[in-house]
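The values are calculated or read from the model by the stated rules, or taken from the named source; none is laboratory data. This one's a predicted model, so the numbers in the text were calculated from it and none came from an experiment. Here the Cβ is made from the backbone with ideal geometry for all residues, glycine too, and neighbour counts use every protein chain on show.
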Amino acid sequence: MTGPQRVAGAGEKTGSRVSPLAGSADGVLRDRLFSYVILACALTVLIILFLIVYELLSSSQLAWKAFGWHFFWTHDWDPVNDQFGALPFIYGTLVSSLLALLLAVPLAVGVAVFTTEMSPKWLRGPISFLTELLAAIPSVIYGLWAIFVLVPILRTVVQPFLAKTLGWTGLFEGPPYGIGMLAAGIILAVMIVPIISSITREVLVVVPQQQREAALALGATRWEMIRIAVLRNARAGIVGGIILGLGRALGETMAVTMVIGNRPEIAKSLFAPGYTMASVLANEFSEATGDLYLSALVEIGLALFIVTIIVNAMARFLVWSVTRGQPARGHA
Amino acid sequence: MGVGIQVENLNAWYGSTQALHDIRLNMEANHATALIGPSGCGKSTFIRCLNRMHETTPGARVEGNVKIGQLDAYDGISPTLLRRRIGMVFQKPNPFPTMSIYDNVAAGLKLNGYNNRKEMDQIVERSLASSALWDEVKDFIHKKSGASLSGGQQQRLCIARALAVEPEVLLMDEPCSALDPISTGKIEELIFQLKTQYTIVIVTHNMQQAARVAEYTGFFLLGRMVEFDKTEKIFTNPSDKRTEDYITGRFG
Amino acid sequence: MPNPETKQLEISLWRRITDHLATLFAISTVVLVLAPLIAIFAYLVIKGVGSINLSFLTQTPKPPGEAGGGMANAIAGSVLILGIASLLGVPVGIGAGIYLSEFGRNRFGDSVRFVSDVLNGVPSIVIGIVAYALVVLRQKHFSALAGGAALAIMMIPTITRTTEEMLLLVPGALREAAYGLGVPRWRTTLSIVLRTATSGVITGVMLAFARVAGETAPLLFTAFGNQFWNWKLDQPTAALPLQIFTYAISPYDDWHRQAWAGALVLIILIVAAVAAVRLAVRHGTLGGAA
């Protein structure tokens, strides 16, 4: 492409007609500016993650140097004497989340199976919509309701009943405050049902219709068909949804803080108050005096961050492997 | 008035696959030239090289010489400015769905910075008249969206949109293949009238269409131009056997 | 000797019973899941409506123990903080989404997508910590700006992904039509592609907005809360979710009442905001347009 380099404008007459766009600019500069701005926006996303990791790591250095790995299995949380052990919070987070899963999974899978396999068509939309609505309620409102409605019910009805019938297990003993691990687990369960349910629904719907028909043709009842042809096929995805729910439960702050009792103790009974990693951050971060105190809290935040990332990554991988994720779309 | 197009040594690639080999062609001003050939022979790639649309595909490359009138298409002018001198109509009508009929026709002007409102009204009316759509839509050009028209009307809208910027050349890539026979007929009539003002290059699968509309026809095969001559000659007495095989239906 | 036929029927009976039990179980799960939903909304209305009056909506909180007062400053504070968050988060999110859709079919784009999904899963309290470190420590104050920054960080991943999705739905033919007219790329992307996907992009923005409007945790040590009015960007600011939290865990009955009222107002405002934007978008489209 050699030749004299002359730049022709839009007005250069190629013929005898003059275009109304004669003399207009070709926008090359603006194109370049635009792509820089857009690129900067995309970079910002990466920078945000970098900043999060950087801040968490650097601000937790003090506590890490002071306690090392012991931080995660000592259970002495004593800000007055600068002793910080995070075990009670890890315990509280794990127990409340696992309890929530135990309650939520059957409910969520049940709702999903009902809407995709059993429900009459006209009912599907409303039920899905209402379940999604559960996901839209802010955490603090869940907490509000839990304090004034759920906890009294637990205190007056549920906990005495559990103590009488299942008290021998050791899980249901001690004074029935209402507030405590059980309340936290229950409200968490309500909060994570929508996500588990919607993922489960997604993976159930993807199961090919022929699978269902094959089972029915062999004489299976509807439940047997669901069990054999649908649930079995969607297993990986459902597990993924469950793990995603776990990820959500681990990081949940407000509702749990409002009903768990906020006492850094490890107890076997579910009636006892507890403390989670997110809750101790919520309660004590703004009042932390002293650099070590703050650093210990940040270290808890770092641990929470790492755990939720790993859990979410596992979950997304599992869901992706069943639904093959978003199909790679070019321009339609 | 339109201008002539001279093409010399044109080669084009999609990544490492070569789609056009040494194309050499002269298209006369104010005439219609049809390009025919079986699927995948490169005729669409060719016209997209004329207005540098080929480059918008990632990995695409062009080498060679294209002159639009006095203008060297690949040397000394940016693709954006070149495309404002050349109009293009695509296989499937693609009016902008969020814009009214008026805004669709004026899009080429408005989006390129032209804002003389009074002139624009006139240009829009003129363009719609040139594409035989004015009478059908004049009552609601501001109220209805471009996408609310029928298929044939949409394509005429796209033609009006291309004409509004007053190009010298009009490229049409199988403009009727998505339309019913009646709309096709209307558009062929249109091409007849537009020929007097513009140079038209039309890619078509339909040999009868080429015979009806174009004075010149080029036959493409496997990325090469096999034969180029007056339409009459191509269809009654082709020089190359491959041309003869194609037009008699032995393949493609 | 049991008749083989009746044995057959017996098996069928057991299988039929399990089938019915399964259906019953599924129905009961739906009831159990929807019950809290209905209960929450019912309590919100019953306990909240009575306390929403003019003074609630126009006054600031009274000292603890004194009756009366309202959450006006918290409502205003939420508006301020959400405004800052939107100003920061929406352009960046849409920009990143445009990048991913129009320029991002490459490794860098994939990493942005991946990071975006990771950010979505970060607990909001952790984001509060980071905003504290980045903004509060620098300003030496709790502030509306810090709160807005935290919420913006939470909005960006959602907006990025939904914008990308919506832009990818715009047919390539429209881009081609614009290029064919000699429209430069930046203009095509904004005036044609983004314009065509507008309603979908806005829906994505509203989704992100509705999600952060109710967030409390990231505001705990960024905006921090305030008993009085504040419009300055570098001072602690009240926010509706924060106020609800503070009142709910307090020992005062009057504050409990106001917490319910505040919660009801919060839900109403979120729903109203989303509905208003949906209506505005629909009004803006033409007859017959997509």
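What the table shows:
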| quantity | calculated |
| --- | --- |
| Test: residue in segment B:187-210 that is part of a loop (DSSP other than H, G, I, E, B), within 14 Å of chain C (Cβ to nearest Cβ) and over 13 Å from the mean Cα position of the chain (by Cα) | no |
| Residue satisfying condition, being under 17 Å from the mean Cα position of the chain (by Cα) and in a helix (DSSP H, G or I), within set C:Ile125, C:Ile129 | C:Ile125 |
| Residues (touching a Gly at 6+ places or on another chain (Cβ under 7 Å) and either surrounded by 21 or more Cβ atoms within 10 Å (Cβ to Cβ) or more than 10 Å from chain C (Cβ to nearest Cβ) (or both)) located in segment A:286-315 | A:Leu304, A:Thr308, A:Val311, A:Asn312, A:Ala315 |
| Residue satisfying all of: in segment C:140-156; crowded, with 24+ Cβ neighbours inside 10 Å and not in a helix (DSSP H, G or I); nearest to the other protein chains (Cβ to nearest Cβ) among these | C:Phe142 |
| Unmet criterion (only one of (1) outside any helix (DSSP H, G or I); (2) modelled with pLDDT of 90 or more; (3) surrounded by fewer than 16 Cβ atoms within 10 Å (Cβ to Cβ)) for B:Gln122 | (1) |
| Condition met for A:Ile179 (in a loop (DSSP other than H, G, I, E, B) and buried (at least 21 other Cβ atoms within 10 Å of the Cβ)) | yes |
| Residue list for segment B:45-77, restricted to those being within 12 Å of chain C (Cβ to nearest Cβ) and under 20 Å from B:Val7 (Cβ atoms) | B:Ile47, B:Arg48, B:Leu50, B:Asn51, B:Arg52, B:Met53, B:His54, B:Glu55, B:Thr56, B:Thr57, B:Ile77 |
| Restricting segment C:157-179 to residues that are free of Cβ contacts under 8 Å to residues at least 12 places away in the same chain and at the interface with chain A (Cβ under 8 Å from one of its Cβ atoms), the residue that is surrounded by the most Cβ atoms within 10 Å (Cβ to Cβ) | C:Pro171 |
| In segment B:11-32, residue nearest to B:Gly218 (Cα to Cα) [restricted to those that are touching a Leu at 6+ places or on another chain (Cβ under 9 Å) and surrounded by fewer than 23 Cβ atoms within 10 Å (Cβ to Cβ)] | B:Leu25 |
| Odd one out for B:Lys143 among (1) touching a Leu at 6+ places or on another chain (Cβ under 8 Å); (2) crowded, with 18+ Cβ neighbours inside 10 Å; (3) closer than 28 Å to C:Arg282 by Cβ; (4) at the interface with chain C (Cβ under 7 Å from one of its Cβ atoms) | (2) |
| Residue in segment B:84-98 that is polar (S, T, N, Q), surrounded by fewer than 22 Cβ atoms within 10 Å (Cβ to Cβ), modelled with pLDDT under 90 and over 20 Å from B:Glu168 (Cβ atoms) present | no |
| Meets criteria (over 14 Å from C:Thr162 (Cα atoms) and out of contact with any strand residue (DSSP E or B) (no Cβ under 8 Å at 6 or more places or on another chain)) for C:Ile94 | no |
| Unmet criterion (only one of (1) of a type outside the set (Gly, Ala, Ser); (2) within 7 Å of chain C (Cβ to nearest Cβ); (3) within 23 Å of the chain's Cα centre (by Cα)) for A:Arg30 | (3) |
| Tally of residues being within 7 Å of another protein chain (Cβ to nearest Cβ), crowded, with 23+ Cβ neighbours inside 10 Å and either over 16 Å from B:Met53 (Cβ atoms) or within 18 Å of the chain's Cα centre (by Cα) (or both) across segment C:180-204 | 1 |
| One residue from C:Ile249, C:Ile244, C:Ile202, C:Ile268 being within 30 Å of B:Ala107 (Cα to Cα) and modelled with pLDDT of 90 or more | C:Ile202 |
| Number of positions in segment A:33-55 that are of a type in the set (A, V, I, L, M) and more than 7 Å from chain C (Cβ to nearest Cβ) | 5 |
| Matching entry among A:Leu166, A:Leu103, A:Leu94 (being part of a helix (DSSP H, G or I), farther than 30 Å from C:Gln243 by Cβ and in contact with a Phe, Trp or Tyr (Cβ under 7 Å, 6 or more places away or on another chain)) | A:Leu166 |
| The lone exception for C:Arg278 - which of (1) over 22 Å from the mean Cα position of the chain (by Cα); (2) more than 14 Å from chain A (Cβ to nearest Cβ); (3) closer than 27 Å to C:Asn120 by Cβ it fails | (1) |
| Flag if C:Ile81 is of a type outside the set (Gly, Ala, Ser), more than 30 Å from A:Arg32 (Cβ to Cβ), in contact (Cβ under 8 Å) with a residue 40 or more places away in the chain and not in a loop (DSSP other than H, G, I, E, B) | yes |
| C:Ala239, sole failed condition from (1) touching a Leu at 6+ places or on another chain (Cβ under 7 Å); (2) surrounded by fewer than 24 Cβ atoms within 10 Å (Cβ to Cβ); (3) more than 10 Å from chain A (Cβ to nearest Cβ); (4) among the small types (Gly, Ala, Ser) | (2) |
| Residue, modelled with the highest pLDDT, within segment B:149-207, restricted to residues that are farther than 19 Å from B:Ile47 by Cβ and among the basic types (Lys, Arg) | B:Arg156 |
| Hits in segment A:57-97 - residues which are touching a residue at least 60 places away in the same chain (Cβ under 8 Å), farther than 13 Å from A:Leu297 by Cβ and under 24 Å from the mean Cα position of the chain (by Cα) | A:Leu57, A:Phe72, A:Leu87, A:Pro88, A:Ile90, A:Tyr91, A:Gly92, A:Thr93, A:Val95, A:Ser96, A:Ser97 |
| Every residue from segment B:149-162 that is farther than 9 Å from B:Pro95 by Cβ and in a loop (DSSP other than H, G, I, E, B) | B:Ser150 |
| Checking B:Leu170 against (1) over 21 Å from A:Ala25 (Cα atoms); (2) within 12 Å of chain C (Cβ to nearest Cβ); (3) surrounded by fewer than 24 Cβ atoms within 10 Å (Cβ to Cβ), the condition it does not meet | (3) |
| C:Val49 out of contact with any strand residue (DSSP E or B) (no Cβ under 7 Å at 6 or more places or on another chain) and at pLDDT 90 or above | no |
| The lone exception for B:Gly146 - which of (1) under 12 Å from B:Pro93 (Cβ atoms); (2) without any contact (Cβ under 8 Å) to a residue 24 or more places away in the chain; (3) of a type outside the set (A, V, I, L, M, F, W, C) it fails | (2) |
| Helices (runs of 4 or more DSSP H) enclosed by segment A:209-273 - at least 1 residues per element that are surrounded by fewer than 18 Cβ atoms within 10 Å (Cβ to Cβ) and acidic (Asp, Glu) | A:209-217, A:222-225 |
